[in-house]
1. So the check is Cβ under 7 Å with 6+ separation or different chains; which pairs have a first residue in the stretch 24-40 that's on the phi > 0 side of the Ramachandran plot and a second one that's in a loop (DSSP other than H, G, I, E, B)?
2. Which residues, taken from the stretch 126-135, are outside any helix (DSSP H, G or I) and crowded, with 20+ Cβ neighbours inside 10 Å?
3. Answer yes or no as to whether TYR175 is of a type outside the set (A, V, I, L, M) and within 28 Å of ASN14 (Cα to Cα).
4. Using the structure shown, decide if TYR22 is of a type in the set (Phe, Trp, Tyr) and either under 15 Å from the mean Cα position of the chain (by Cα) or closer than 19 Å to GLY120 by Cβ (or both).
5. Please find, within the stretch 48-65, the residue that is surrounded by the most Cβ atoms within 10 Å (Cβ to Cβ) out of those that are touching a strand residue (DSSP E or B) at 6+ places or on another chain (Cβ under 9 Å) and part of a helix (DSSP H, G or I).
6. When you look at ALA222, is it out of contact with any Ser or Thr (no Cβ under 7 Å at 6 or more places or on another chain) and surrounded by fewer than 16 Cβ atoms within 10 Å (Cβ to Cβ), yes or no?
7. May I ask you to list pairs of residues, at least six apart or on different chains, whose Cβ atoms are under 6 Å apart, with the first in the stretch 6-22 being more than 21 Å from TYR42 (Cβ to Cβ) and the second being modelled with pLDDT of 95 or more?
8. Have a look at SER84, SER64, SER72, SER118 and point out the one that is within 20 Å of THR7 (Cβ to Cβ) and either under 19 Å from the mean Cα position of the chain (by Cα) or charged (D, E, K, R) (or both).
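The values are calculated or read from the model by the stated rules, or taken from the named source; none is laboratory data. Just so it is clear, the structure is predicted and the values come from calculations on it, not from any experiment. With ideal geometry, Cβ positions are generated from the backbone for all residues, glycine too; neighbour counts draw on all protein chains shown.
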Amino acid sequence: MNREIHTWYSPNLNKNMEIVMYGHYGFSLVLLPTAAADYLEYERFLMIDVLKPHIEAGKVKVFSINSINSESWLNPRMHPRHKSIRHVQFNDYVYKEVVPFVKHKSSADTPVILSGASLGALHAANLFFRRPDIIDGVIAMSGNYDLGAYTGGYHDQDVYFNSPMQYLPNLNDEYWLNHIRKSKHIHIMTGSGAWETPEATVNFSNMLNAKGIPHELDVWGADMPHDWPTWRLMLPYYVGTRF
């Protein structure tokens, strides 16, 4: 299996950022880390191993990127406004640097799908719903789609516009809604076991239904905890059966 690590200085984040790529062909799957983890998290937790058959078959090319969550909402020493600003800078990094890099490593016509678990699910969903003109879909696992769950009560305009549960109900611009509705790959799933909050995913699905946004909701059983064994089952299943 082809594996390449690339690093460049990000002008949006003012720091070096790494990205690891697996495979040669297929649609582009961009993985966003959970919590404060790094670009090798999915490899360490054996997600790449379970995706390997699809990667080697040329169904998918996987890109795993770094997070800056420890420089934002998961940093208790930062002022909340600075956390919010850093979050916006991360969005710009993905839109202006990661997506062009992924396109360069594939093609302009190759679909780009974002995925993540837990906090990574929120980032993946938010990045897609904000820019469905350059991102083609999302596979979100075990997420809470209201950024307020991480802000400790702080709220500003950037928190609002990075919380899909907050801004999507008020989105009435048909240009953006049509872009979102065109996607064939909005998959949101959750377990119902230990540490999971399936109601957050169900509430998000209900809101999407109210906006007329086609998507797939999948609630797995009580034997599926908020942990890697669950996500190692979910993601390969969706890559294998929905693409």
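1. Between residues of the stretch 24-40 that are on the phi > 0 side of the Ramachandran plot and residues that are in a loop (DSSP other than H, G, I, E, B), the close pairs are GLY26/GLY58; GLY26/LYS59; ALA35/LEU74; ALA35/SER118.
2. If we filter the stretch 126-135 for residues that are outside any helix (DSSP H, G or I), which is where we start, we get 131-135.
Within the stretch 126-135, PRO132, ILE135 meet the criteria.
3. Details: of a type outside the set (A, V, I, L, M): yes; within 28 Å of ASN14 (Cα to Cα): no.
Spelling it out, it is not the case that TYR175 is of a type outside the set (A, V, I, L, M) and within 28 Å of ASN14 (Cα to Cα).
4. On the way: of a type in the set (Phe, Trp, Tyr): yes; either under 15 Å from the mean Cα position of the chain (by Cα) or closer than 19 Å to GLY120 by Cβ (or both): yes.
Here the answer is yes, as TYR22 does meet what is asked.
5. The residue in question is LEU51.
6. On the way: out of contact with any Ser or Thr (no Cβ under 7 Å at 6 or more places or on another chain): no; surrounded by fewer than 16 Cβ atoms within 10 Å (Cβ to Cβ): yes.
When the stated conditions are applied, ALA222 does not pass them.
7. TYR9/ASN16; ASN12/GLN89; ASN12/ASP92; ASN12/TYR93
8. SER64
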